[in-house]
1. On the given criteria, is TYR86 touching an Asp or Glu at 6+ places or on another chain (Cβ under 7 Å) and of a type outside the set (Val, Ile, Thr)?
2. Inspect the range 158-173 for any residue being modelled with pLDDT under 95, closer than 24 Å to PHE100 by Cβ and either within 18 Å of the chain's Cα centre (by Cα) or open to solvent by 40 Å² or more (accessible area, probe 1.4 Å) (or both) and give the result as yes or no.
3. Among all residue pairs at least 6 apart or on different chains, which show Cβ distances below 8 Å where the first residue, located in the range 236-248, is open to solvent by 50 Å² or more (accessible area, probe 1.4 Å) and the second is in a helix (DSSP H, G or I)?
4. Quickly run through the range 246-285 and pick out the residues that are within 29 Å of the chain's Cα centre (by Cα), over 19 Å from ARG233 (Cβ atoms), in a loop (DSSP other than H, G, I, E, B) and not charged (D, E, K, R).
5. Among the residues of the range 221-235, what is the count of those that are open to solvent by 20 Å² or more (accessible area, probe 1.4 Å) and part of a loop (DSSP other than H, G, I, E, B)?
Amino acid sequence: PFLKESGPVFINNSNASLSPNSSMTTKELQEYWRNEKRQCRQVKLLFEIPSTRIVEHHLSKYVMYKIIILQTGSFDSNKSVIERRYSDFEKLHRNLLEEFSEEMEDVTFPKKTLTGNFTEEIINERKLAFKDYLRLLYSMKYIRRSKKFIDFLTRPELQEAYGCLRGGQYTKALEILLEVIGLQERLTRGNPVSIVPTLCAIVVCHKDLENPASAFEYGEKALSCLSVHTSHRYYTPLLETMISLAYELGKDFLSLQEKLEEWKAKKDPVRVFTLKELAVREYVQ
């Protein structure tokens with residue numbers, strides 16, 4: 001359903017060949033506008049905090065809140081599950097106040113208590129408060145699209161995934177990246193370029209795990225995100241990887257080769273990292 005508070009969703013549809021023209025029949029026109037409407041439909045996310053767990057680690061003790069992020073009108077396959085602690089929410093709140101003080105003036109944040117932080121009553125209160133807090137933040141367009149909000153929901157998992165990738169644990173890295181990419185896509189509609197590093201990291205994992213067909217599939221997604229962003233740092237390394245994958249799979253690599261030659265003709269040759277070299281540089285502390 002259309003929900004005014006969510007703002008429109010713009011989907012990069014650079015490959016669409018269909019556009020309305022005078023030679024279309026009424027039926028074709030109706031179908032065209034139906035597709036247009038479907039593509040501009042808002043993706044609305046819901047936040048649930050069904051459970052918590054208490055973590056005791058050396059001298060520290062804290063509560064982890066399990067956050068389930070659901071897409072309205074979707075099946076379970078479209079849900080993401082993450083865990084965050086009170087201090088993560090607190091940091092998010094501080095960061096957002098720096099940039100969105102006006103928008104945040106009516107947003108209340110659950111206060112820390114000196115005692116009783118681990119009682120069932122306090123934990124349940126906070127579960128509800130954090131759920132309302134996330135729902136309210138998401139309802140504000142500029143906050144919902146901000147890097148700080150998106151980072152809160154995705155960065156810890158991405159850091160873990162890239163740590164695994166750097167350590168050669170490609171299966172574990174891939175598992176986490178595939179979990180994160182769905183949420184990233186839903187959070188960054190209208191800005192497809194922002195998910196290119198994650199898509200490329202998935203390509204690298206699949207390639208190193210000798211799944212060339214899957215690597216090629218995600219590479220195509222990444223290339224379509226960069227169709228009008230050919231100066232992006234990932235563009236050339238991605239093209240080079242896609243050429244070798246296409247060759248290995250017996251697919252057409254000449255059109256990709258042409259794109260690469262075209263790009264090289266426009267630019268002065270500079271030192272370009274491979275796709276894997278770029279990927280391992282992401283999220284380095």
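1. Working: touching an Asp or Glu at 6+ places or on another chain (Cβ under 7 Å): no; of a type outside the set (Val, Ile, Thr): yes.
Answer is no for this residue.
2. Looking only at the range 158-173, we keep the residues that are modelled with pLDDT under 95, and these are none.
No, because not a single residue in the range 158-173 is modelled with pLDDT under 95, closer than 24 Å to PHE100 by Cβ and either within 18 Å of the chain's Cα centre (by Cα) or open to solvent by 40 Å² or more (accessible area, probe 1.4 Å) (or both).
3. So the pair list comes out as GLU240/LEU260; GLU240/LEU275; GLU248/PRO212.
4. Listed by number, the residues that qualify are PHE253, GLN285.
5. 7
The values are calculated or read from the model by the stated rules, or taken from the named source; none is laboratory data. As the structure is a computational prediction, the values presented were derived from the model and not from experiment. When we count neighbours, we look across all protein chains shown, and the Cβ atoms used for this are built from the backbone with ideal geometry, even at glycine. The accessibility values were calculated without ligands, DNA or RNA, using every heavy atom of the protein model including side chains. Shrake-Rupley method; radii C 1.70, N 1.55, O 1.52, S 1.80 Å.
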